[in-house]
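See structure below.
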Amino acid sequence: MKINYQEVENYSYAKYIYELEKLCHIHKIDMEIIGYEEFEKIGEKYPLYRITVNPKAAKRVCIVAGVQAYEIAGPLCMLEIFSNPHEMLSSQVSYRIYPCINPTSFDLRQRMDDDGVDLNELTPQTLHGRKYGEVKVFYDDIKDWEMDIFISLHEDVDLKEFYAYVFENNPEPVYRKIIDRWRNDFYGVLNDKEIYGDKVVDGLIINDHDNSFEDYLFTNKMAKLAICTETPGLLPLENRVRMDIDNVRILSEHLID
Ligand SMILES: [Zn+2]
């Protein structure tokens with residue numbers, strides 16, 4: 001599939017899933033429904049999906065896209081990845097990919113879901129909260145699957161530069177490799193020493209306990225490494241998708257070096 005970025009920018013969730021399912025079918029990749037989010041105001045049930053690739057491979061990577069799904073590059077990069085999965089993904093890595101965990105926010109093109117909550121909260125409270133059903137569906141699906149790397153694909157819609165939230169016990173080279181990758185490409189890496197009150201060291205915000213998915217999974221030892229990438233929303237969509245694909249590749253290659 002040759003992607004027309006002007007067209008996919010305006011995709012509904014239905015159209016996105018329709019195209020993604022076609023691609024998975026062509027490549028005999030398993031895409032299944034793991035739960036539903038009910039959008040009560042319009043009387044619709046939105047299915048939530050997991051895509052499973054190379055389930056028997058020894059190394060494990062979990063990718064979540066669309067936690068705040070107005071950040072569309074994360075979800076939409078899956079159309080590119082599954083157009084050519086054998087090229088884009090490593091055959092030595094087992095992937096669990098959640099192509100859009102917040103479909104109502106994707107359709108509304110807003111940060112919050114249909115219940116008005118920011119879904120990037122994975123805590124004992126939200127796992128029991130009535131408004132965070134999508135988080136619970138994800139967590140129930142992943143909780144027994146210890147992973148080598150957890151990746152959450154986000155965007156900073158207001159920025160031109162790249163940065164990332166990372167979790168580590170010791171300085172982890174692969175995170176610095178990602179920063180080096182973008183240092184001189186597009187508009188480079190965030191130069192500021194602080195963003196939204198958090199300290200930034202050469203484009204990385206390190207071990208920030210913000211109750212995000214990546215914080216919870218790393219802190220509870222469900223993921224050995226955890227990263228939230230922030231592609232710059234002020235770049236054209238095609239470039240942000242390229243960044244997501246390259247970041248997934250760099251992180252995957254790190255496991256098989
Ligand atoms: Zn985000």
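For residue 143 and residue 193, calculate 0.36 nm times their separation in residues minus their Cα-Cα distance, and state this gained length in nm to one decimal.
Between residue 143 and residue 193, full extension yields an extra 14.5 nm.
FRET efficiency for residue 185 and residue 108, Cβ-Cβ distance as r, R0 = 41 Å, nearest 0.05?
0.85
Would you please give the residues with an amide H less than 5 Å from that of residue 167, counting only those at least 5 places away or on a separate chain, with H modeled from the backbone geometry?
207, 226
Projected area of the chain, taken from the Cα convex hull and averaged over every viewing direction, in nm²?
12.8 nm²
Do the alpha carbons of any pairs in 2/136; 177/199; 59/193; 59/160; 56/224; 45/160 sit beyond 24 Å of each other, and which pairs?
2/136; 59/193; 59/160; 45/160
As an exercise, identify the trypsin sites (Lys or Arg not before Pro) in segment 123-202 lying in DSSP coil whose Cβ has no more than 16 other Cβ atoms within 10 Å.
Counting only loop positions with at most 16 other Cβ atoms within 10 Å, the trypsin sites (Lys or Arg not before Pro) in segment 123-202 are 143, 160, 193.
In Å², what does the accessible area per residue of segment 5-256 work out to with a 1.4 Å probe?
44 Å²
The values are calculated or read from the model by the stated rules, or taken from the named source; none is laboratory data. Everything numeric here is computed off the predicted structure, so don't read it as measured data. We place every Cβ from the backbone using ideal geometry, glycine too, and count neighbours over all the protein chains shown. These accessible areas exclude ligands, DNA and RNA; they are computed on the full protein's heavy atoms, side chains included. Shrake-Rupley method; radii C 1.70, N 1.55, O 1.52, S 1.80 Å.
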